[in-house]
């Protein structure tokens, strides 16, 4: 006999396995214009149009996979609550992680429409924007404008004047935190795309890792893009002082947080407090990709 909690885990694993079979053959489609994506689903389409639940649970009143505990949270798409973002034009936002959880940063989705325009973050707050659907025009105080497509991103240092404009439906995931200054270091504007970032060495691990920001001291956080082939998993059962905010962009798997085990899929968000045990394994027939916030380069006493 299995304990009651194991019944739920086995049931969820079976549900994920069925979803994997239905989605076999789906993969990544590069945002590069030269890549013919006509035969593939849009990149990160499952973030903006997720399978909210197994078919037999979609209409079950009160059903959600979302969980909140003192050292972690799983926020799944059926729990998202969108409302107008303060001072933004024609934009709805859903805050997924905030200091109310115990986090020192915010992570939120911004759904922009035709004619949408962003507002500036509060004073001394830095911002990173990652495009998961559509496209935006980013204008910065130097007078330069950057076009950001799906899988592109921009880091805006604290107090840099900028605006984001969209003329089509677009979805952004945005991270903001109060910048922790050290010495005379000053972070600079960074604009890039995931596929332009090099793969980095991961000694003892099998996943592929890219970092979207420089690893130098001016930057007090980074965003990692981590890819797992089906069946791959983290070797280290991590416990560390850093906080994490995670968005699963593609695929599905199992995430261990503390002593709990959660089936997860594209569109799910996870907050991890300092020192919570954490581990991931990719399941299904397509690879997993997740976007991961991590605070870095600062003494924990600061």
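The values are calculated or read from the model by the stated rules, or taken from the named source; none is laboratory data. Please read all numbers here as calculations on a predicted model, not as lab measurements. When we count neighbours, we look across all protein chains shown, and the Cβ atoms used for this are built from the backbone with ideal geometry, even at glycine.
Name the strands (runs of 3 or more DSSP E) wholly within the range 170-268 that hold at least 3 residues that are within 30 Å of residue 115 (Cβ to Cβ)?
In the range 170-268, 170-178, 190-193, 244-250 are the strands (runs of 3 or more DSSP E) which contain 3 or more residues that are within 30 Å of residue 115 (Cβ to Cβ).
Taking only the range 44-95 into account, find how many residues are under 23 Å from residue 279 (Cα atoms), modelled with pLDDT of 95 or more and in contact with a strand residue (DSSP E or B) (Cβ under 6 Å, 6 or more places away or on another chain).
7
Only one of 245, 267 is out of contact with any helix residue (DSSP H, G or I) (no Cβ under 7 Å at 6 or more places or on another chain), buried (at least 18 other Cβ atoms within 10 Å of the Cβ) and closer than 14 Å to residue 76 by Cα. Can you tell me which?
Of 245, 267, the one residue that is out of contact with any helix residue (DSSP H, G or I) (no Cβ under 7 Å at 6 or more places or on another chain), buried (at least 18 other Cβ atoms within 10 Å of the Cβ) and closer than 14 Å to residue 76 by Cα is 245.
Within the range 123-138, count every residue that is part of a strand (DSSP E or B) and loosely packed, with under 15 Cβ neighbours inside 10 Å.
Final tally of qualifying residues: 1.
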